[in-house]
1. Determine, yes or no, whether residue B:26 is touching a strand residue (DSSP E or B) at 6+ places or on another chain (Cβ under 8 Å), hydrophobic (A, V, I, L, M, F, W, C), closer than 30 Å to residue A:205 by Cβ and part of a strand (DSSP E or B).
2. How many residues does region B:2-54 contain that are aliphatic (A, V, I, L, M), farther than 18 Å from residue A:216 by Cβ and in contact (Cβ under 8 Å) with a residue 40 or more places away in the chain?
3. Considering B:101, B:34, which residue is exposed (fewer than 12 other Cβ atoms within 10 Å of the Cβ) and at the interface with another protein chain (Cβ under 7 Å from one of its Cβ atoms)?
4. For residue B:6, work out the one condition from (1) at pLDDT 95 or above; (2) out of contact with any His (no Cβ under 9 Å at 6 or more places or on another chain) it doesn't fulfil.
5. Are any residues in region A:226-257 buried (at least 17 other Cβ atoms within 10 Å of the Cβ), at the interface with chain B (Cβ under 10 Å from one of its Cβ atoms) and not charged (D, E, K, R), and if so, which ones?
6. With (1) surrounded by 16 or more Cβ atoms within 10 Å (Cβ to Cβ); (2) at the interface with chain A (Cβ under 7 Å from one of its Cβ atoms); (3) not acidic (Asp, Glu) as the list, and residue B:54 as the residue in question, which single condition is left unmet?
7. What helices (runs of 4 or more DSSP H) completely inside region A:117-184 contain at least 3 residues that are aliphatic (A, V, I, L, M) and modelled with pLDDT of 95 or more?
8. Please go through region A:192-225 and give me each residue that is more than 10 Å from chain B (Cβ to nearest Cβ) and part of a loop (DSSP other than H, G, I, E, B), ordered by number.
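The values are calculated or read from the model by the stated rules, or taken from the named source; none is laboratory data. Because the structure is predicted, anything quoted here is derived from the model rather than measured. Backbone-built Cβ (ideal geometry, glycine too); neighbour counts: all protein chains shown.
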Amino acid sequence: MALLVSIFIFLLFSSFSMAEKLTFPNQLIDDFDTFVATYDAKRCAECHEDVYEEWKESYHSRSMISSIKGIANFFTVGVPKEWEKELNKQEIIKCLDCHLPQIKFATERLAQEIATYMIKAKIGKGKEKEEARAKLKKLNLSCYGCHNIKIAGTAPGITGHIDPNVIYTSGEGESDAHETEHTPILKRAFFCVQCHGVYIAPDGESTYCNTLSGSYVHNYIGQGGRKTCQECHMYAKGRGHRMPGGHDLEIVKEGIDFQAEIRAFRYGVGKWVPAVNVEAFLTNKAGHRIPDG
Amino acid sequence: MVLEVTAKDPETGKVLYHDTRKYFEIGLDLDGFMRYGAWQIKEIVDLTLQPLKTQHERFFFTFAQKDLEKAEIAVNVYYYISGKKGDLIYQVKKLVEFPEMP
């Protein structure tokens, strides 16, 4: 089995290095290492090193390892105990459709293997826990997640069939390394909110990991706000694919103005006790509620 | 996010006053119970800072110690990325003096 995997990985990369176009399988993958290698952002770094370096600093590059607690709780409590359901790919995908979109191309067995790593990373001990964490560090929301899999997530009637071998981009340039298709949706807030909002699973279940999108549409746009997610989190200050958010104090401070007036005096005629009045003003300049995720 | 006001005796460091305002979402399940699990939450009570709005908070307090001459007032704003880790993002500090008694 290990030999077959090695041959597969060798063929995958050797075909790319021979200047053939970047390709992706249109079938389910059952082996963990093959799965990691297939969707590894390093495949894109050869041409897009600067973007890759930005992405490495982002929470998208840590979308599994940074979310162990919440996801493992869903896998160990939500699905089996509260819903009394089997933890299968259909349930696993309710978290991983955003945290690891390529799960779409994992077999049922591999999806369960990955779910097991998530559980062991939370409740395991010692070496078992460390090994599970090491596996999860290899999994993330990589380039392919946004530039292919999630493209049809918001408007499948318009985008239609997604070709696994096409890299969908916001720009209009072409590439010798892969098939490219210009996709304006990547510049729209609408694209981000499919995960940064209330998530509706294919079977209709909703999960409230965060609720930014409702706040953005109704409270920001509705009051005259006109910026997209990308304008603040990508285009401003050359943030690019680092896409800082609540984990980055610089952008947190940028989104909030603060003023405070402090005055001391004596209060109560005849009693003259020392008194203080503080007037504080917090202005949310962001395009969504604060805090949120 | 937490807005915190603290008054201290500048000589002893003793806290004379402390109050906070908290801004967050409370997740509720279908029965109206507070929940943390994303799969359980079907509604929220929104106590966050709303976009393009200014939240005005007023703190008025007195001190029992009539001969208090000075107090150190600190107004802090903390951002919590999780329930445990709070980062100080803004601070206004002032040493105030109370008018002398007539």
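1. So residue B:26 passes the test.
2. Residues meeting the conditions: 5.
3. None of the other options fit; the residue is B:101.
4. Evaluating residue B:6 over (1) at pLDDT 95 or above; (2) out of contact with any His (no Cβ under 9 Å at 6 or more places or on another chain) leaves (2) as the failure.
5. A:245, A:246, A:252, A:255, A:256
6. (1)
7. Filter on region A:117-184 gives A:126-136.
8. Hits for region A:192-225 are A:193, A:194, A:195, A:196, A:197, A:202, A:203, A:204.
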